[in-house]
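Visitor: One structure, as structure tokens, below. Some questions next.
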Amino acid sequence: MGSSGLHGRFSRPIFWAAGLILLVAAFFFPAVRMPPSTASSGLGGSQSVDFSGWECAYLTPIFTLRLLQFTVDPHRFQQDAPVGAELPLLALSGWVNPLLLFYLLSCVVRKLLRFRSFIAGLIVLALVATWIFLAKEHFTLLLGHYLWVMGIFFTLAAPLLGRRPAGTDSGVDE
């Protein structure tokens, strides 16, 4: 067996474990800070508000429901709260963690293996939507957010470790 195959066998579980540890840890740390100008709209008065990772994970999926409500009845929804470009971004960001669970499932259930790359692409798309929203609204990224992203990176990268591009295996052990 070549050294890269052996290396991949040991590094995959390490990346999986590191990714999952970082993901779990991220939920217990402050993840983002909402600026006072946004917070004054009702959540925090004139002071900035910090949200922990678990609060973000709890709140963001709600925006998918809000987007669906808007799609069904846009006139009623606009009277309740104005809809801006941030609603679709927030709705997409709420899908990162559920998609990550599907990704993990696709790594262990053989029938779902062919969907793994597609799910990974959706996760990256949802992360980009998250960052666009956070930048647009001038949120400050905190430790929990960085741990969360690193955990996602390690989790997505783990299955790729130790793979050789097609046609590069000489069949001879090094």
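Visitor: Taking amide H positions as placed 1.01 Å from N in the peptide plane, with prolines and chain starts having none, which residues 5 or more places from residue 49, or on another chain, fall under 5 Å of its amide H?
Guide: Sorted by chain and number, the residues that satisfy this are 34.
Visitor: Now a separate question. From the backbone phi of segment 88-100, what are the Karplus-calculated ³J(HN,Hα) couplings (6.51 cos²θ - 1.76 cosθ + 1.60, θ = phi - 60°) in whole Hz, Gly and Pro given as x?
Guide: Residue by residue, segment 88-100 yields x, 5, 5, 4, 5, 5, x, 9, 4, 5, x, 5, 5 Hz.
Visitor: If you don't mind, another one. Students often check this: by mean Cβ neighbours within 10 Å, which of 26-35, 106-115, 64-73 ranks highest, and how do the rest follow?
Guide: Listed from highest to lowest mean packing, they are 26-35, 64-73, 106-115.
Visitor: Something else: Calculated FRET efficiency, residue 118 and residue 37, Cβ-Cβ r, R0 30 Å, to nearest 0.05?
Guide: Numbers: r = 38 Å, r/R0 = 1.27.
FRET efficiency, residue 118 to residue 37: 0.20.
Visitor: Set the Förster radius R0 to 45 Å, insert the Cβ-Cβ distance between residue 11 and residue 47 as r into 1/(1 + (r/R0)^6), and round the FRET efficiency to 0.05. Mind dumping the intermediate values first?
Guide: On the way: r = 44 Å, r/R0 = 0.99.
For residue 11 and residue 47, the calculated efficiency is 0.50.
Read-outs throughout are calculated quantities, based only on the coordinates presented, and are distinct from any laboratory measurement. Just so it is clear, the structure is predicted and the values come from calculations on it, not from any experiment. Note: ideal-geometry Cβ built from the backbone for every residue, glycine included; neighbour counts use all protein chains shown.
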